[in-house]
Structure formats: C-alpha cells, structure tokens
1. Looking for whichever is closer than 20 Å to Phe85 by Cα and either outside any loop (DSSP other than H, G, I, E, B) or in contact with a helix residue (DSSP H, G or I) (Cβ under 8 Å, 6 or more places away or on another chain) (or both) here; the options are Ala220, Ala249, Ala231, Ala274. Which one fits?
2. Scan the strands (runs of 3 or more DSSP E) fully inside segment 104-208 and keep the ones with 3 or more residues being open to solvent by 30 Å² or more (accessible area, probe 1.4 Å).
3. Scanning segment 41-93 for residues that are open to solvent by 20 Å² or more (accessible area, probe 1.4 Å) and at positive phi, which turns out modelled with the highest pLDDT?
4. Could you grab the pairs with beta carbons closer than 6 Å, sequence gap of 6+ or different chains, first residue in segment 96-108 and touching a residue at least 24 places away in the same chain (Cβ under 8 Å), second one open to solvent by 40 Å² or more (accessible area, probe 1.4 Å) and among the charged types (D, E, K, R)?
5. Quickly run through segment 214-240 and pick out the residues that are farther than 22 Å from Lys295 by Cα, open to solvent by less than 40 Å² (accessible area, probe 1.4 Å) and among the aliphatic types (A, V, I, L, M).
6. In segment 292-328, how many residues are surrounded by fewer than 19 Cβ atoms within 10 Å (Cβ to Cβ) and among the aliphatic types (A, V, I, L, M)?
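The values are calculated or read from the model by the stated rules, or taken from the named source; none is laboratory data. Just so it is clear, the model here is predicted, and its values are computed rather than measured. Cβ coordinates were reconstructed from backbone atoms using ideal geometry, including for glycine residues, and neighbour counts include every protein chain displayed. Quick note on the areas: whole protein, heavy atoms, side chains included, nothing else; ligands and nucleic acids left out. Shrake-Rupley method; radii C 1.70, N 1.55, O 1.52, S 1.80 Å.
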Amino acid sequence: MVTMFLKSMLFPLIFALALAPRSQGVGQSESQSQTQPSLATTFNEIKYHGGPLLTKPNSINIYLIWYGAFSRNDRSSITDFFASFNPSKGLVLHQEPTVATWWKSIQTYKDKSGNSVSSSVKLLKQIGDIYSLGKNIKRAQIANYVKHKIETKVLPSDSNGIYLVLTSRDVIVERFCMGSCGFHDNIVVSTKRTRLVYAHIGNPLVQCPGLCAWPYSLPAYGPPGQQALVAPNGVGADGMVMNIATIIAGATTNPFKNGYFQGDPLAPLEAVTACPGIFGEGAYSGYPGNLMVDKISKANYNAYGAYGRKFLLPAIWELTTSKCKVIH
C-alpha cells in the first residue's frame, strides 16, 4: 500500500521532469505526457529569447507524412482536425469554442518585430509511406528522411512549414513512450541552405495509451478510483490530435530553440508543455478539468471541429497573465 501511494504521489512530478531524456540532442523539444497537471506550472514563466517564430501572414503549412498503416477513421479524424483551423470548413454556426478559437491564444506570441504567429494552420500536402525505414526507427533517421523528401522535391522547401511525420501504432520510434509523446526539431536543407522545422508524433493506442492518450486511457501508476473518459474519435486518434496540437504550438513559437520557452533549451517548457494535463477549468492532479459531454456518445471534449468533429485540446500558457489558459 505504501508503495502504491508513493507511486501515485510521485507520478505528476515524474512526468513534469520527463519532458526530455537526458541524452536529448540539441534543438529538440518534447511533447510530454498529458497524464497529470504539474504543480511546477505555478512557478514557470515562459520567456522570449529573441529568435524567429513562424509568423508569415497567411498560415503555417503542414506537410503530412503518414508512415505505416493507418485506419480510415484515424486518417479522417486527423485531417478533419487540420481542416478545423478554417472556420468555413463544415462548422455549425454558433458552436463555440472551436479549434480556431484555441489557436487565437497562440497568436499572442510575437517575435521581436511585433509580428504574431501565423493566423491559421493549413494541411497543404500529404504523402504515404509503407515502412520504407522498417518498424524500428531512430530519431536521426526521421531527420534524414524528411531532408531527403525535401531535397528530392517530393515535398517543397517551406520556411513557414512544419513537416509532420506520423507513425502508426506498430512502429517503434526512439524515445517515444519513454516520457515523450512527440518532438519537433529543425534541419538544414542543402538546396537552399534553409533551416526548416519537422516533427514526429506516434500513435499511442498500443504502445502507451495511458501516457500519451490520457485522459482517454489511464496510466499504469495513477491515483486509484479514476475512470478513463470516452474519446470522441477513438483513443489512438484523439491521443495523436492532443499531441499534434502540443507539438505544432511548440514548433511555431519555438522553432529553432531560441523562441519562447522556460528552463533548459534542450528540454524546454513551451507554450503547451508548460501546462501538462490541463484541459478545462478546475483541473488538478488526475482530473483534466470541466469538459463538455456529448449527449449521445458520452464522449468528453472541449472544442468543436470541422464536419461535426469534437476534439480535446490542451491548455496554453498565456503570456499576459502567466497562467495556463483553457479553451472556452
């Protein structure tokens, strides 16, 4: 009993410290587990370090690489999430808050010239890959893989883009599920000597749902008596959406490790990772906060999306109040 009590008390602290493994290389940023709100967020303050952000006026362009085998539901859930940044994409009038509403908080982050982060996110191109690198992948392989796709013109070179590699549930990626649910980094493309941003998110359904899809799945060592919430789009898809939201927020506001962050630049707390496990008002350790509930499916969510979708999006560190702001 003592052992279980200590594990439940230490769990939030473990994941607050597990933003990145000690061996993490320069220029990497982790999406930590959303499993528990961290008491450390009370004392964190994200600061601007003077570097460039993704601020071009139109949109941040997503180049999506589906690596492995994905179900039709997972694909459509994720592409509908990106469509949700555009309010005209099948959204029912007067349904608030939306994914676009959530993104407005990220727009408060500005560069040294006073330019806000780009006003929207757009899925510009998708490609598929059936295990060309195998099913056990190192992070360095992902960097080289993305670089090759750009240099061979399979994907364009876009300085305001994010090259997002999504791996299916049967693919093992270095450090994924080891305190990390995804990461963003940058590469130099030789064709134009341009530094570009890329990222990885894995499907946590089989490997670590309690770590990377909480609160839709329970952690192995958490407070007793908890129940997992119902995922509107499936545990794997919604876990990926939560982590995609986390990563694109960090990659946009801290793309080259000299933007907005708190703490060690090799293991930074960024716009969303400074607020782990917080989704609604009243969140505390083991409780994600007050959420909306679908009357029919009983699924929990906090944002409306395109084509009738419902999503759960994490809190964002608000610069003006130095607090975690939930969508509402």
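1. On the way: Ala220 fails: closer than 20 Å to Phe85 by Cα; Ala231 fails: closer than 20 Å to Phe85 by Cα; Ala274 fails: closer than 20 Å to Phe85 by Cα.
Sole residue among the options that is closer than 20 Å to Phe85 by Cα and either outside any loop (DSSP other than H, G, I, E, B) or in contact with a helix residue (DSSP H, G or I) (Cβ under 8 Å, 6 or more places away or on another chain) (or both): Ala249.
2. Numbers: elements: 121-129, 161-167, 182-189, 194-202.
In segment 104-208, 121-129 are the strands (runs of 3 or more DSSP E) which contain 3 or more residues that are open to solvent by 30 Å² or more (accessible area, probe 1.4 Å).
3. The extreme case among them is Gly50.
4. Here the result reads Ser105/Lys325, each pair linking segment 96-108 to a residue that is open to solvent by 40 Å² or more (accessible area, probe 1.4 Å) and among the charged types (D, E, K, R).
5. The answer is Met240, and nothing else.
6. Counting residues in segment 292-328 that are surrounded by fewer than 19 Cβ atoms within 10 Å (Cβ to Cβ) and among the aliphatic types (A, V, I, L, M) gives 3.
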